[in-house]
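K.L.:
Next up is a structure, given as structure tokens.
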């Protein structure tokens, strides 16, 4: 009998006791619209809080050869195809968040206090460790990448509420600015995402809300987008952030409201109006379980086989037992549009 089977059997046997120790649901009057998962990645087999953050790399010539990258905060980077099958594992240290621009990926490395770089070869589909950038700070936590003004940007976030902005071309980057973003409570930051066209970074402060920063102005200060006190569905911890990009400045910002097992969708363009809240249920055929306690996520509007409007990829804490065989679930963006009436 496997460890997974034993754990499932144990929970079934304890019955009411398990229910009594489960976290109480958040009752704040917010109605989340259910959207079913479409498929899932292979599990990070084992126990513990392992899976953290996904990123989609879109093949420049053949979308069917695109890849899902997923961090393992204990060990390194997993690489999956668009069926969720694991293709590679890179033992690169304790990676927390990952992002992609072009054929370069960057991950925050908590073990070595570095930005870990990966090169993706479109010809072979192989991901290779491409080097380390010493951050000079302890425990880079979240990370996002951008392409603004012809420069590649890499932005790690930190538990002291600060971000660094590294700028350059390709993988040759240098530190250009440090900004204090977190302003409240413990100020811990993690999730972030860059809107390349707008030159804006969105950053999550876990116990407060979402900020944005103008990356085109070296004197810019953080501006509030939403807070957990505003009643729009956001709760602590504010975790993964990503963008679904439409034409021009259209599209949506997606945020993980971790403790409520839900996701808040905002307009990409200012004033970033909340457009709805979703929760991710099991797949319609029962082959994929529901999602809970999401940390990192990634959204993409790239047309992929079977997903003409793109996808949302989210980390799942329980598969289906908490901290056992964690993985990533994938949702058809068109299903999200339909559920919330987006674009109507």
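K.L.:
Kindly check whether there is at least one residue in the stretch 126-136 that is under 21 Å from residue 243 (Cβ atoms), part of a strand (DSSP E or B) and in contact with a strand residue (DSSP E or B) (Cβ under 9 Å, 6 or more places away or on another chain).
P.N.:
no
K.L.:
Could you say which residue among 282, 310, 341 is out of contact with any helix residue (DSSP H, G or I) (no Cβ under 9 Å at 6 or more places or on another chain) and on the phi > 0 side of the Ramachandran plot?
P.N.:
Of 282, 310, 341, the one residue that is out of contact with any helix residue (DSSP H, G or I) (no Cβ under 9 Å at 6 or more places or on another chain) and on the phi > 0 side of the Ramachandran plot is 341.
K.L.:
Check whether at least one residue in the stretch 199-214 is farther than 19 Å from residue 97 by Cα, in contact with a strand residue (DSSP E or B) (Cβ under 8 Å, 6 or more places away or on another chain) and in a loop (DSSP other than H, G, I, E, B), and report yes or no.
P.N.:
yes
K.L.:
Here is a follow-up. Quick test of your reading of the structure: residue 164 fulfils all but one of (1) in contact with a helix residue (DSSP H, G or I) (Cβ under 7 Å, 6 or more places away or on another chain); (2) in a strand (DSSP E or B); (3) closer than 22 Å to residue 110 by Cβ. Name the failing condition by number.
P.N.:
The single condition residue 164 does not satisfy is (1).
K.L.:
Another question about this same structure. Find the residue count for the stretch 311-344, including only residues that are part of a loop (DSSP other than H, G, I, E, B) and surrounded by fewer than 21 Cβ atoms within 10 Å (Cβ to Cβ).
P.N.:
6
Yes or no, residue by residue, for (1) assigned to a loop (DSSP other than H, G, I, E, B); (2) at pLDDT below 95; (3) surrounded by fewer than 15 Cβ atoms within 10 Å (Cβ to Cβ); (4) out of contact with any helix residue (DSSP H, G or I) (no Cβ under 7 Å at 6 or more places or on another chain):
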{"position": "217", "(1), (2), (3), (4)": "yes, no, yes, yes"}
{"position": "221", "(1), (2), (3), (4)": "yes, no, yes, yes"}
{"position": "225", "(1), (2), (3), (4)": "no, no, no, yes"}
{"position": "231", "(1), (2), (3), (4)": "yes, no, yes, yes"}
{"position": "239", "(1), (2), (3), (4)": "no, no, no, no"}
{"position": "242", "(1), (2), (3), (4)": "no, no, no, yes"}
{"position": "254", "(1), (2), (3), (4)": "no, no, no, yes"}
{"position": "265", "(1), (2), (3), (4)": "no, no, no, no"}
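K.L.:
When you scan the stretch 270-288, how many residues do you find that are in contact (Cβ under 8 Å) with a residue 12 or more places away in the chain, within 13 Å of residue 252 (Cα to Cα) and more than 21 Å from the chain's Cα centre (by Cα)?
P.N.:
Looking only at that region, the number is 0.
K.L.:
Oh, and also: For the stretch 142-151, enumerate the residues that are in a strand (DSSP E or B) and in contact with a strand residue (DSSP E or B) (Cβ under 6 Å, 6 or more places away or on another chain).
P.N.:
143, 144, 145, 146, 147, 151
K.L.:
Scan the stretch 160-173 for residues that are touching a strand residue (DSSP E or B) at 6+ places or on another chain (Cβ under 7 Å), modelled with pLDDT under 95 and farther than 14 Å from residue 148 by Cβ and jot them down.
P.N.:
Of everything in the stretch 160-173, those that are touching a strand residue (DSSP E or B) at 6+ places or on another chain (Cβ under 7 Å), modelled with pLDDT under 95 and farther than 14 Å from residue 148 by Cβ turn out to be 170, 171.
K.L.:
So the check is Cβ under 9 Å with 6+ separation or different chains; which pairs have a first residue in the stretch 53-78 that's touching a residue at least 60 places away in the same chain (Cβ under 8 Å) and at negative phi and a second one that's surrounded by fewer than 17 Cβ atoms within 10 Å (Cβ to Cβ) and assigned to a strand (DSSP E or B)?
P.N.:
Matching pairs, first to second residue: 67/87; 67/88.
The values are calculated or read from the model by the stated rules, or taken from the named source; none is laboratory data. On a predicted model such as this, the values are computed, not experimentally measured, just so you know. A quick note on method: Cβ atoms are made from the backbone with ideal geometry, for glycine too, and the neighbour counts reach across all protein chains shown.
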